[in-house]
Amino acid sequence: MSEFGAVSLIPPLLAIVLAIASRRPIPALFLGVWSGGFIYVFADSVGYAASATGGVPGLDELLAVLIAVFWGFTQAVQWLVESIGDDTFHAQILLFTILLGSGVALIWQLGGSLAVRRAVADRLDTQRKVGITAWALGLLMFFDDYANTAIVGSVMKDLSDQLRISREKLSYIVDSTAAPIATLGLSNWVAFQIGMVQEGYEIAGIADEAPSAFATYVGSIPYNVYSIFAIVMVALIVLTRRDFGEMLAAEHRSVRTGQVNREGATPMQAIENELGEPSADDPMLRSFAIPVIALVVAAIAGALITGYAPGADAIDVLDEADWGAALLWGAFAMVFSALAVGFYYRIFSLETGIGGVIDGFSIMLTAVTILVLAWAISTAAEVLETGVYVAGVAEGVVSPELLPIVVLFTAAFIAFSMGSSWATMGVLTPIAISVVWELTGSFELMPVIVGAVFSGAIFGDHTSPISDTTVLSATFTGADLIDHVRTQMYYAGTVVVVATACYLLYGYLGLPPLVFLPIGLVLLVGLVYGLSELDSRRQGLAPKAVTAEREDADPGRAE
């Protein structure tokens, strides 16, 4: 059990509540980190204060608080520094994000975004077509969620703006496709989770008799219900054009006024405002295609090179790959190829190209700041053992029938509080496997529980403003972070209701995935239609925000 107990929940919950209430994530996150530092040093501060005052009642408590406030601040700063300097992967992701900003800025200067818009304008002439294209691209980029959000967000942002799709909707499509598909295909996520399953078997002392960790993962796929239905939900929302919650208002605002972001919003990047007009007089499609292809090819090649060993199979390669380095190689390749295109076709000079690289750094400044703060608060939660406390509380309220649901919501709460799916899987998977073995003494429930850990971790990630993937999704779609979280929360909540129903059908009726997944699909469709009708009446809006798709489009082509 955590040494700090329920108090360990304060830093992440404080940060999340303040961020959502104020719509200002940066000060909210820092206050969360600072409160974690205060809690961490308070006990020692009491001892120092008592020594300094001789135990004078009232005075020693006041002095202890003052010491803890100052010392907690220094501890918070230390966690901020450590979140960059002590973790190579974090440093790689920061560089990756900054360089992608440069790549995006250079593509903009080359006119690549404009060329894509012109090339597909006649084909992708409705919101539905653009939405489905973004969803399909997200499924294709299954190998890494960071690269997924970066590529799909950058590719689709201008097109969705042209057709008046709100940035909230685009960031939802990107975010709710990226992590879920990464858990279902060959990706670094899968390799990590397989490692956690193996660790769980070893901790439980059953590694010799257990099925392989890979077999357990494969068996968990149909029980990863949240991820499956999150992907289905995106397609359903896009195809039906039905919205509810804050997304309904956002879509009506966007199609009526052309304001793809809420008035007063703070987009995570605003290229058109930062960079001005493109340099190219005659934009070429290759100005977009070459840098993006370079990014994808270099990232995949980097993963294969860093993970390869003689005799290694695909899962071993994914497990051993240095994904941070691979993504960084991809970002450098994107920048260099964009510069090469600009110089070769004489679109800009060396001075202008270097200026574009630096301008790209600036458009990612907000995202980088929030990423560092999110990592720091995750460090605070780890030091205060927030995840261990939550998992320990959940251990005492378990029955085999309800275990998948308990694991689902335990994982969700940990991910919501820590802002990290991976940290959640690392904390909870070994514990959950040990609990299953103690409760049942068999391996039958293991794939179900692994699927539930995946589901809960991603659900919590999708509803947390301190999640790195949430931050990056808002960044590369140019959305306001808190607007993205507030609008996505309704949809994530709907999917988790369906996931819960599926686990109940499995736990109490023994229905297999071939039966409960179709039932879940029917329930999901019913909820989308029902909630869109009810909420449209509540808000006094149509359930579909339908109008002219482009300023020059025929209003009849909106569907």
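Quick look at the numbers
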{"quantity": "Separation in nanometres of the label points that stand 7 Å from Cα toward Cβ, at Tyr345 and Ile26", "calculated": "3.5 nm"}
{"quantity": "Charge-dipole axis of the chain as Lys and Arg at +1 and Asp and Glu at -1 on Cβ define it, positive-most pick from Ala542, Val485, Ala298", "calculated": "Ala542"}
{"quantity": "Expected-Rg normalisation [2.2 N^0.38 Å, Cα atoms] applied to the range 452-524", "calculated": "1.31"}
{"quantity": "Gyration tensor over alpha-carbon atoms, the range 145-188, equivalent ellipsoid semi-axes in Å", "calculated": "22, 10, 6"}
{"quantity": "Cα-only Debye scattering, the range 415-559: base-10 log of I(q)/I(0) at q = 0.13, 0.21 Å⁻¹", "calculated": "-0.80, -1.29"}
{"quantity": "Reference-scaled alpha-carbon Rg (2.2 N^0.38 Å with N residues) for the range 76-162", "calculated": "1.38"}
{"quantity": "C-alpha long axis of helix 25-53 to longest principal axis of the chain, angle in °", "calculated": "30 degrees"}
{"quantity": "Cβ-based exposure ranking for Trp108, Trp34, in which fewest neighbours within 10 Å come first", "calculated": "Trp34, Trp108"}
{"quantity": "Net length gained if the chain between Ala136 and Val515 were fully extended (0.36 nm per residue, minus Cα distance)", "calculated": "133.8 nm"}
{"quantity": "Estimated D of the range 194-264 in µm² per second, where Rh is the Kirkwood radius over Cα pairs and Stokes-Einstein applies at 25 °C, 0.890 mPa s", "calculated": "154 µm²/s"}
{"quantity": "In Hz, Karplus ³J(HN,Hα) per residue of the range 249-261 (6.51, -1.76, 1.60; θ = phi - 60°; x = Gly, Pro)", "calculated": "5, 4, 5, 5, 4, 5, 6, 7, 10, x, 7, 6, 10"}
{"quantity": "Phe336-Ala235 FRET efficiency (beta carbon distance; Förster radius 22 Å; 0.05 resolution)", "calculated": "0.05"}
{"quantity": "The chain: calculated mean residue ellipticity at 222 nm from DSSP helix runs of at least 4, using -39500 (n - 2.57)", "calculated": "-25000 deg cm²/dmol"}
{"quantity": "When the convex hull of its Cα atoms is projected in every direction, mean area for the range 282-345 (nm²)", "calculated": "4.7 nm²"}
{"quantity": "Cα pair distances in the range 337-438, grouped into 10 Å bins until the bin that holds the longest one, percent each", "calculated": "13, 30, 16, 13, 13, 10, 3"}
{"quantity": "Computed over the range 423-484, Kirkwood Rh from alpha-carbon pairs, angstrom", "calculated": "13.3 Å"}
{"quantity": "Area projected by the alpha carbon convex hull of the chain, averaged over all directions, nm²", "calculated": "28.6 nm²"}
{"quantity": "Neighbour-count order for Leu328, Leu163, fewest beta carbons within 10 angstrom listed first", "calculated": "Leu328, Leu163"}
{"quantity": "Exposure proxy order (Cβ contacts within 10 Å, fewest to most) of Met141, Met196, Met418", "calculated": "Met196, Met141, Met418"}
{"quantity": "For the range 404-458, alpha-carbon Rg over 2.2 N^0.38 Å", "calculated": "1.04"}
{"quantity": "Estimated translational D of the range 8-128 in µm²/s (Stokes, Kirkwood radius over Cα pairs; 37 °C; 0.692 mPa s)", "calculated": "178 µm²/s"}
{"quantity": "The range 159-236 - Rg over Rh from alpha carbon coordinates, Kirkwood radius", "calculated": "1.18"}
{"quantity": "Positive-end residue, the chain charge dipole about Cα centroid, Cβ charges, pick of Ala43, Leu159, Ile458", "calculated": "Leu159"}
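Coordinate-derived values only; no laboratory data. All of these numbers come straight from a predicted model, not from anything done at the bench. Note that we place each Cβ from the backbone using ideal geometry, even for glycine, and neighbour counts take in every protein chain shown.
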